[in-house]
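The values are calculated or read from the model by the stated rules, or taken from the named source; none is laboratory data. Here the structure is a predicted model, which is why all the values come from computation and not from measurement. Counting neighbours? That spans all protein chains shown, and the Cβs are built from the backbone with ideal geometry, glycine included.
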Amino acid sequence: MSVLATNYLTPTGREEAWRFTPLKRLRGLHDGSAVVAERNSLVTKAGLPKGASFTRETLAPLAASDDVIIERIRGEVSDVAHLSIDANAEIKDPIFLTRSAGALDSAEFSRVRISLGTHAVATVIVENIGDTLLAEDLEIALAAGSTLTFVSLQEFDSKSVYTARHHAVVDKDATFKSITVTVGGDVVRILPTVEFTAPGASAELLGVYFATTGQFFEHRMHVDHAVPNAKSRVNFKGALAGRDAHTVWIGDVLIRAVAEGTDTYELNRNLLLTDGARADSVPNLEIETGEIVGAGHASTTGRFDDEQLFYLMSRGITLENARRLVVRGFFNEIITEIGNEEVQERLMVRIDGELERAGA
Amino acid sequence: MSVLEIRGLQVSVNTENGSVEILKGVDLTIKSGETHAIMGPNGSGKSTLAYSIAGHPKYTITGGSVTLDGADVLDMTVDERAKAGLFLAMQYPVEVPGVSVSNFLRTAATALRGEAPKLRTWVAEVKGAMEALNMDPAFATRNVNEGFSGGEKKRHEIMQLELLKPKMAILDETDSGLDVDALRIVSEGVNRAKANNDLGVLLITHYTRILKYIKPDFVHVFANGKIVEEGGPDLADKLEANGYADYVSK
């Protein structure tokens, strides 16, 4: 492949969707100046269980997107890395997909599909590691009655730039749960989005992020209630430490006129561990029908609770360890939802390390 | 044998209207094995005394001294005070979301003992402490003070007292919010800690009922930021009969 064609829109930073993102640090992912290399870096980490297959094939997009980087990816890449789970397969152990290679002098445009057949049950953990320049269009199709836990781990090194849309299309009575963890990279911008295509579907979007000195992490949800009787929950928790650490959380939930019986709640909590960091948090609930079960949102941004630290220290725990306990505790609620001890402990160790590095 | 010596302690807090003096010169000496009850009306500064000794950042020491076996307590950080052997059982123990009781206890024990307790003996130790206080084993997996009832919070405080084995314990209104059964169970825990560790106790209370279970050697009446009368256990009986009116009006 080559340098991209120029007939795509280029964001200027004035658009609502781009107003927080430091475009200059995207290394040309958004304006076509990035040189695109064919890396096909996504691989399965271990053998696949029965009922699962991983192939590369040509697939049309599941759903339209107005994101300009997604449009560029789709314009340039027809090859899709496709993890498919057979109908009725119940896979207990998580399936790991991992990024095997990366580079900063060229970009990888990656299309990924995860699809579950009817009544399939699976957990998929995608690991993003190393230093890389990566734009990803990841789509998830949940057929009727299927259940997916999708874990997306951004454990990048410090120079990575990663933009992605993780879009789930959830069919009748299917259950989608995602856990998005962002603890590494220079710029990370993820769009966890969901659309319901039939009643009885549910989605739970969970996430944690921890930005330290100079890092920019943006998570921009969009949940589209376009059918009746679907349920959504959003809960993202973030911590920030160090100068110019910047996080953005946008929670757009749309309840369309037809979506009677909708039940939705979104929550974002941020913990500012030092001065000089900035957390933007924008819940945005649009309601076109009053015939709903419930709709709500909450957003809080606060500092260390002195009373918590005092309590812990009064039992002999040093200030440093007390802070570590409080931060671990803060993230624990979401991290334990991953349900894999090894991954959970690895993330906690990473969070401890980030905390130490930031001198918080 | 340990001695906690409080001399001429003066403490202020910052308010919107400037600094307000709360403790106006407190003198008190507590030795190992002794139990001192501090009794007084609400707002007299009893809790301020407790939190000042433990080192809460809200309070500013403006005069006097606090020493434990000669070491300057006021010069220590909060965790150093705990390591020196001080313990504060709080009236309103703080919730720490996402941190389990078992993780918290082990982290505290590790900090105070200088090394992580051996897992096998530690598990038995915690189990024993919980059983002694009539606590459900599932308690250990819950988050610290999160969703605890008033009684559970107080049991949890006294469990820590028994596990962490301080030299001196300040019990800040440990009796408040407890029904008769819980009061007895919690008091027995304090008495065990006294018997096993020759603990010195500073028992802060508004009511005399806890003194039926934890026998004080000395009773101090606290009013308007200082000790206004001292005596033996019989002073508590007098307070029970007459209340604090005599002291507040002065």
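Hey, any hits in the stretch B:31-44 for a residue that's farther than 25 Å from residue B:219 by Cα and more than 9 Å from chain A (Cβ to nearest Cβ)? Spell out how you get there, then give the answer.
As a first pass, look at the stretch B:31-44 and keep what is farther than 25 Å from residue B:219 by Cα: none.
Checked the stretch B:31-44: no residue is farther than 25 Å from residue B:219 by Cα and more than 9 Å from chain A (Cβ to nearest Cβ).
Since residue B:19 meets every condition but one in (1) of a type in the set (Gly, Ala, Ser); (2) more than 14 Å from chain A (Cβ to nearest Cβ); (3) out of contact with any strand residue (DSSP E or B) (no Cβ under 6 Å at 6 or more places or on another chain), which condition does it not meet?
Answer for residue B:19: the failing condition is (3).
Out of the stretch A:11-33, which residues are outside any helix (DSSP H, G or I) and either under 23 Å from the mean Cα position of the chain (by Cα) or modelled with pLDDT of 95 or more (or both)?
Across the stretch A:11-33, the qualifying residues are A:11, A:13, A:15, A:19, A:20, A:21, A:22, A:27, A:28, A:29, A:30, A:31.
Checking residue A:344 against (1) under 21 Å from the mean Cα position of the chain (by Cα); (2) within 14 Å of another protein chain (Cβ to nearest Cβ); (3) over 24 Å from residue B:105 (Cα atoms): exactly one of these is not met. Which one?
That leaves (3) as the condition not met.
Anything in the stretch A:285-300 that is of a type in the set (S, T, N, Q), more than 14 Å from chain B (Cβ to nearest Cβ) and either closer than 27 Å to residue B:85 by Cβ or in contact with a Leu (Cβ under 9 Å, 6 or more places away or on another chain) (or both)? List them, or say none.
At the first step, the residues of the stretch A:285-300 found to be of a type in the set (S, T, N, Q) are A:289, A:299-300.
Among the residues that remain, those that are also more than 14 Å from chain B (Cβ to nearest Cβ) are: A:289, A:299.
If the condition is that a residue be of a type in the set (S, T, N, Q), more than 14 Å from chain B (Cβ to nearest Cβ) and either closer than 27 Å to residue B:85 by Cβ or in contact with a Leu (Cβ under 9 Å, 6 or more places away or on another chain) (or both), then A:299 is the only one that fits.
Take the stretch A:48-65 and flag every residue that is within 25 Å of residue A:9 (Cα to Cα), over 18 Å from the mean Cα position of the chain (by Cα) and of a type outside the set (A, V, I, L, M).
A:58, A:61
Can you give me the ranges of the strands (runs of 3 or more DSSP E) entirely in the stretch B:154-250 with at least 2 residues that are under 30 Å from residue B:117 (Cα atoms)?
Details: elements: B:168-172, B:200-205, B:218-223, B:226-231.
In the stretch B:154-250, B:168-172, B:200-205 are the strands (runs of 3 or more DSSP E) which contain 2 or more residues that are under 30 Å from residue B:117 (Cα atoms).
Here are A:323, A:315, A:357, A:303: which of them is exposed (fewer than 15 other Cβ atoms within 10 Å of the Cβ), within 14 Å of chain B (Cβ to nearest Cβ), over 26 Å from residue A:148 (Cα atoms) and out of contact with any Pro (no Cβ under 6 Å at 6 or more places or on another chain)? Walk me through it before giving the result.
Numbers: A:323 fails: exposed (fewer than 15 other Cβ atoms within 10 Å of the Cβ); A:315 fails: exposed (fewer than 15 other Cβ atoms within 10 Å of the Cβ); A:357 fails: within 14 Å of chain B (Cβ to nearest Cβ).
So the residue among A:323, A:315, A:357, A:303 that is exposed (fewer than 15 other Cβ atoms within 10 Å of the Cβ), within 14 Å of chain B (Cβ to nearest Cβ), over 26 Å from residue A:148 (Cα atoms) and out of contact with any Pro (no Cβ under 6 Å at 6 or more places or on another chain) is A:303.
All but one of (1) of a type outside the set (Asp, Glu); (2) away from chain B (no Cβ under 14 Å); (3) in a strand (DSSP E or B); (4) buried (at least 16 other Cβ atoms within 10 Å of the Cβ) hold for residue A:235; state the number of the condition that does not hold.
(2)
Within the set of pairs 6 or more residues apart or between chains, which connect a residue that is more than 8 Å from chain A (Cβ to nearest Cβ) and in contact (Cβ under 8 Å) with a residue 24 or more places away in the chain inside the stretch B:79-92 to a residue that is β-branched (Val, Ile, Thr) and buried (at least 24 other Cβ atoms within 10 Å of the Cβ) with Cβ atoms less than 6 Å apart?
Pairs that qualify, where the first residue is more than 8 Å from chain A (Cβ to nearest Cβ) and in contact (Cβ under 8 Å) with a residue 24 or more places away in the chain and the partner is β-branched (Val, Ile, Thr) and buried (at least 24 other Cβ atoms within 10 Å of the Cβ), are B:89/B:174.
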